[in-house]
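The structure appears right after this line, and notes come after that.
Rule-based calculations on the coordinates, nothing more; no lab input. All figures in this text were calculated on a predicted structure; none of them were measured in a lab. For neighbour counting, all protein chains shown are included, and Cβ atoms are generated from backbone atoms with ideal geometry for every residue, glycine included.
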Amino acid sequence: MKQLQDRVAVVTGASNGLGRAIAEAFAAEGAKVVLAARRKDALEEVAAGIKKAGGTALVAPTDVTKEPEILALFEKTKAAYGRLDVLVNNAGVPTSTPTEEMTLDYWQSVLDVNLTAVFLCSREAIKIMKGQGGGRIINMGSISARTPRPDSIGYTTTKFAVEGLTRSLTFDGRKYGVVASMIHPGSTATGFMQGRPAGPGKTPQEYVMSPHDVARIAVLMCSLPPEVNLFEATILPNHQPSFIGRG
């Protein structure tokens with residue numbers, strides 16, 4: 001028996017990077033994965049790979065900054081599978097702009113994706129989960145919620161906020177059997193890294209993790225007994241700069 005056999009999981013930002021790796025890992029463990037992101041063609045490519053490997057995937061193009069599209073995502077999931085066992089809130093955008101140059105519109109657009117969408121997706125997930133006796137929500141954080149990068153005020157603020165949101169979700173969800181967790185990745189080969197491949201760099205400090213390393217943590221969280229919650233996990237390269245020590 002696979003670890004996530006027949007569980008239904010929605011993964012946002014599933015077209016590439018961490019979202020794609022998590023969706024593929026879930027499907028490999030027997031989950032029925034609903035792939036959510038804006039680009040339908042990219043989602044279809046991911047779904048095709050999952051199906052070729054013997055897994056189950058449903059494409060659900062979704063702009064998580066639009067509430068009606070989020071509502072449609074969860075309606076489609078329930079119509080297709082009748083339940084929802086796992087939600088992974090992975091969709092997110094980075095920022096690299098000096099604070100004094102960040103416009104209000106830009107600030108708001110970051111909050112819309114990195115924070116408000118997490119709330120909206122979690123809200124809709126709980127509506128389904130509480131009627132079936134429980135479920136899991138995994139929110140993607142960042143070590144920026146511990147040690148900010150330069151010129152990342154929008155991204156850092158949202159990741160700090162998502163931790164508070166996650167604590168509230170798992171506290172309020174107890175009465176329904178709904179638990180929430182958070183993964184804080186360090187340097188990982190995603191779009192945030194501007195094309196840097198996974199693996200060693202010129203120095204130990206430049207090592208970049210594979211998204212599949214992080215996906216293993218998500219699988220672990222979901223494979224635990226329903227009474228057990230790995231609330232928070234930080235995964236990072238051994239020599240990740242500006243985190244364990246000063247500098």
For the chain, modelled as a Gaussian network with Cα springs under 10 Å, which listed residue fluctuates most, Ala27, Ala145, Ala91?
-> Ala145
Quick one: among Thr56, Thr103, Thr234, which has the greatest mean-square fluctuation in a GNM of the chain with alpha-carbon springs under 10 angstrom?
-> Thr103
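Using Cα pairs closer than 8 Å and at least 6 residues apart in sequence, work out the relative contact order for the chain, in percent.
Details: 480 pairs, mean separation 45.3, N = 247.
With pairs under 8 Å counted, the relative contact order is 18 percent.
If you take every DSSP beta bridge fully contained in the chain, what fraction is antiparallel? Give it as a percent rounded to 5. Kindly include the intermediate steps, with their values, before the conclusion.
Details: 1 of 30 bridges.
Percentage antiparallel, nearest 5: 5.
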Determine which lysines satisfy two conditions relative to Lys40: a Cα distance under 19 Å, and not lying fewer than 8 residues away in the same chain.
-> Lys32, Lys51, Lys52, Lys66, Lys76
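Does segment 8-235 classify as rounded, prolate or oblate by the C-alpha gyration tensor (a ≥ b ≥ c root eigenvalues; a/c under 1.5 gives rounded; else a/b over b/c gives prolate, otherwise oblate)? Before the final figure, lay out each step's value.
Numbers: a/c = 1.43, a/b = 1.26, b/c = 1.14.
Note, shape of segment 8-235 comes out rounded.
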Convert each backbone phi in segment 4-13 into a coupling constant with the Karplus relation 6.51 cos²θ - 1.76 cosθ + 1.60 (shift: θ = phi - 60°), then list the ³J(HN,Hα) values in order as whole Hz, x for Gly and Pro.
-> 10, 3, 6, 6, 9, 10, 9, 10, 8, x
Using only the Cα atoms of segment 156-247, build the gyration tensor, take square roots of its eigenvalues as a ≥ b ≥ c, and label the shape rounded, prolate or oblate: rounded if a/c is under 1.5, else prolate if a/b is larger than b/c, else oblate.
-> prolate
Which whole-Hz ³J(HN,Hα) couplings does segment 133-140 yield from phi under the Karplus relation 6.51 cos²θ - 1.76 cosθ + 1.60, θ = phi - 60°, glycine and proline marked x?
-> x, x, x, 10, 10, 10, 9, 7
According to the square roots a ≥ b ≥ c of the eigenvalues of the Cα gyration tensor, what is the shape class of segment 53-184, taking rounded for a/c under 1.5, prolate for a/b larger than b/c otherwise, and oblate for the remainder?
-> prolate
Net charge near Thr166: determine it from the other residues with C-beta under 15 Å of the C-beta of Thr166, scoring Lys and Arg +1 and Asp and Glu -1.
-> +3
Using θ = phi - 60° and the Karplus curve 6.51 cos²θ - 1.76 cosθ + 1.60, what whole-Hz ³J(HN,Hα) does each residue of segment 52-64 get, with Gly and Pro shown as x?
-> 4, 7, x, x, 10, 9, 10, 7, 9, x, 8, 9, 6
Among the lysines, which fall within straight-line cross-link reach of Lys175, defined as a Cα-Cα distance under 24 Å, with same-chain neighbours fewer than 8 residues apart omitted?
-> Lys78, Lys127, Lys130
Which residue fluctuates the most in the chain, going by a Gaussian network model with Cα springs under 10 Å, if the choices are Pro204, Pro237, Pro94?
-> Pro204
